[in-house]
Amino acid sequence: MSLLAATGISFKRKDQLLLQDVELELKAGELIGLIGPNGAGKSTLLKILAGLQKPTSGSIQFQTQALNKLSTQERSQKIAWLAQGGTIHWPLMVERLVALGRLPHLAAWQQANQQDQAAIEQAIQQTGIEHLRQRDATTLSGGERTRVLLARALAAEPTVLLADEPIAALDPGYQLQTLELLRNFAQGQRACIVVLHELSLAARYCDRLYLLKSGCIVDKGSVAQVLSAENLRNVYHIECEIGYTHIPWIIPSRSILN
Amino acid sequence: MNYRTLLISLSLLVFCLFCLSLVVGRDPLPIWQAANEVFTDRSSVFAIILTEIRLPRALIALFAGATLGLSGAAMQGLLRNPLASPDLIGSSSGAALCAVIILYFGWQGVSLQMLPLSAMLGSLVATALVFALAGRDASITTLILAGVAVNALATSAMSLLLNLAPSPYAMRELVLWTMGDITDRSMDDFWLMLPFTLIGWALLLGVGKQLNALTLGEETAMSLGVNPSWIRWRIFIAIAFAVGATVATTGMIGFIGLVVPHLLRPLVKYEPSRLLPVAALGGAAMLLAADIGVRLIPTDAAIKVGVLTALVGAPFFLYLILRSRKEHL
């Protein structure tokens with residue numbers, strides 16, 4: 001069953017075409033990786049899929065409805081978006097920050113009820129941040145912050161999770177933990193799209209990959225198909241060693257940019 | 001201290017200061033006798049002092065202080081900047097400029113509502129001008145710079161009017177008014193500011209959750225169902241109503257909107273929604289206390305309450321700058 005489908009998405013800013021005729025489909029239970037070099041349009045595409053930016057042309061379907069026909073509240077209940085970097089302006093307590101995830105489910109003057117509290121608690125437990133509840137969120141390490149912000153997204157109990165480089169600047173342990181969480185999220189009727197630069201981890205965790213370059217989808221499909229030496233040479237301008245033991249691995253060996 | 005205890009403590013403090021404001025003066029008022037005479041002999045001196053001098057003054061201090069504290073907390077939450085205040089985006093100076101224009105031309109006699117409505121219009125126009133200058137999707141820095149420019153424009157226009165004042169007496173009146181003062185105000189002044197103030201409060205108190213979401217940045221807030229540009233307009237219109245009405249009644253009283261939210265924020269664990277009612281109570285307490293203070297300071301000419309809040313607020317502002325410099329070292 002298709003949860004999210006983008007058809008003919010183009011996006012222009014100040015005469016610069018950032019996305020061109022992008023087609024993408026996310027099915028229930030899938031974890032899709034968006035890969036490509038810096039400036040390829042991955043983050044822009046993710047924002048458009050989250051309904052945060054309007055495409056210049058094209059349409060997005062959420063389940064059986066057009067995304068732009070959903071109310072803001074419905075959209076934010078069903079699609080969670082995890083920002084790159086994750087800004088936290090005030091030193092909120094971690095528990096209160098995670099609770100912000102329930103905002104789409106609450107009316108203006110409504111307080112969180114038992115169901116909301118249960119969702120918050122579940123998100124805290126899933127991400128293993130019980131010990132951080134009372135901590136000031138601005139004093140957390142990169143890995144802790146990522147898990148807290150992920151808990152905020154999970155607390156909304158969304159159907160689709162869109163995560164923009166959630167493992168950037170994390171050590172290998174936190175990278176694996178975070179991707180395990182996304183993998184576990186993308187089960188049953190839920191699905192996730194994640195922007196990644198770590199190709200071996202993309203190969204290890206994602207069901208399918210979309211490879212972008214200069215706003216266009218260069219290739220899409222299974223890990224083996226997309227992460228070919230030829231694709232990596234054309235898109236990233238690198239020579240790689242690609243191997244498959246029980247999991248795929250990619251080791252960039254040489255830049256051929258010049 | 002938990003949130004409920006904090007709210008109750010501040011409410012009690014405001015209540016005590018309000019009662020004290022009714023009693024304290026150059027000549028202390030026997031409050032029980034005065035209160036009794038309000039019901040038995042309204043023409044008695046004590047009853048007149050209570051109902052026509054002390055009560056409007058205390059009520060205006062209470063509502064004006066709460067407006068300034070609440071508006072400051074909302075602005076700081078919106079701009080995610082602890083140095084933001086209604087003064088910053090031109091709301092106060094726009095209101096003051098229009099009020100000075102009305103006073104300069106002597107139009108306040110045309111209608112009772114002339115001064116407050118003009119001040120509100122001035123506040124709204126100044127705020128809209130800041131927005132127009134900054135652009136639709138302005139960054140916070142651009143917005144603050146636009147606010148500085150509009151403030152400078154309004155202040156220089158006020159200076160020009162003061163410079164051209166027809167008589168030294170008129171000039172003195174204008175200068176004293178821009179200092180911020182709540183003496184010689186009547187219940188009519190209070191009733192006039194009340195509805196606009198309450199509209200502003202209602203609009204501001206309803207944006208707490210959205211301000212919480214903005215803690216994570218505008219795009220994440222949008223993904224949580226918040227419309228940042230709608231929230232901005234709502235806050236600016238609310239501030240135009242409430243601060244415009246306040247400035248029209250009291251003149252320019254600075255620093256409460258800056259200092260009070262900043263002082264109280266750690267007590268609500270930095271949560272913008274919880275800060276709103278707390279800052280309103282804190283603002284009311286600060287202005288009531290300052291107004292009691294100016295009555296007790298033994299000077300020949302009465303010190304204006306805006307001067308006292310500035311004398312306390314300006315050093316605090318310097319402290320904030322020094323602390324922020326230290327944090328960035």
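Of all residues in the range B:189-217, those satisfying the criterion of being in a helix (DSSP H, G or I), facing chain A (nearest Cβ under 9 Å) and not small (G, A, S) are B:K209, B:Q210, B:N212, B:L214.
Residue-by-condition table, conditions (1) without any contact (Cβ under 8 Å) to a residue 40 or more places away in the chain; (2) out of contact with any Lys or Arg (no Cβ under 9 Å at 6 or more places or on another chain); (3) farther than 21 Å from B:G208 by Cβ; (4) more than 9 Å from every other protein chain (Cβ to nearest Cβ):
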site	(1), (2), (3), (4)
A:T56	no, no, yes, yes
A:L70	yes, no, yes, yes
A:Q73	yes, yes, no, no
A:Q84	no, yes, yes, yes
A:M93	no, no, no, no
A:P104	no, no, no, no
A:A118	yes, yes, yes, yes
A:Q126	no, yes, yes, yes
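Filtered by the rule that a residue be over 15 Å from A:H197 (Cα atoms), hydroxyl-bearing (S, T, Y) and under 26 Å from the mean Cα position of the chain (by Cα), the range A:223-258 gives A:S228, A:Y244. Where helices (runs of 4 or more DSSP H) fall entirely within the range A:130-218, those with at least 1 residues that are closer than 30 Å to A:Q115 by Cβ and in contact (Cβ under 8 Å) with a residue 40 or more places away in the chain are at A:142-155, A:172-185.
A:Q77 fulfils the conditions (1) crowded, with 17+ Cβ neighbours inside 10 Å; (2) among the polar types (S, T, N, Q); (3) more than 9 Å from chain B (Cβ to nearest Cβ) except for a single criterion, (3). Only a single item in (1) within 28 Å of A:T7 (Cβ to Cβ); (2) surrounded by 19 or more Cβ atoms within 10 Å (Cβ to Cβ) is not met by A:G188, and it is number (2). Scan the range B:74-87 and tell me whether some residue there is modelled with pLDDT of 85 or more and not in a helix (DSSP H, G or I). Yes; the residues of the range B:74-87 include at least one that is modelled with pLDDT of 85 or more and not in a helix (DSSP H, G or I). The condition of being under 30 Å from A:H89 (Cα atoms) and either free of Cβ contacts under 8 Å to residues at least 24 places away in the same chain or among the aliphatic types (A, V, I, L, M) (or both) holds for only one of B:A154, B:A134, B:A119, that being B:A134. Here A:Q65 clears all of (1) without any contact (Cβ under 8 Å) to a residue 12 or more places away in the chain; (2) surrounded by 15 or more Cβ atoms within 10 Å (Cβ to Cβ) except the condition numbered (2). Tell me whether the range A:45-52 contains one or more residues that are surrounded by fewer than 18 Cβ atoms within 10 Å (Cβ to Cβ) and of a type in the set (D, E, K, R). Checking the range A:45-52: not a single residue is surrounded by fewer than 18 Cβ atoms within 10 Å (Cβ to Cβ) and of a type in the set (D, E, K, R).
Could you pull out every one of the strands (runs of 3 or more DSSP E) wholly within the range A:15-119 that has 1 or more residues that are under 24 Å from A:I167 (Cα atoms)? In the range A:15-119, A:16-27, A:31-35, A:79-82 are the strands (runs of 3 or more DSSP E) which contain 1 or more residues that are under 24 Å from A:I167 (Cα atoms). Scanning the range A:158-170 turns up one or more residues that are surrounded by fewer than 17 Cβ atoms within 10 Å (Cβ to Cβ), farther than 26 Å from B:K209 by Cα and either within 14 Å of chain B (Cβ to nearest Cβ) or at pLDDT below 95 (or both).
The values are calculated or read from the model by the stated rules, or taken from the named source; none is laboratory data. None of these values were measured; they are calculated from a predicted model. As a convention, Cβ positions derive from the backbone with ideal geometry for all residues, glycine included, and neighbour counts pool all protein chains shown.
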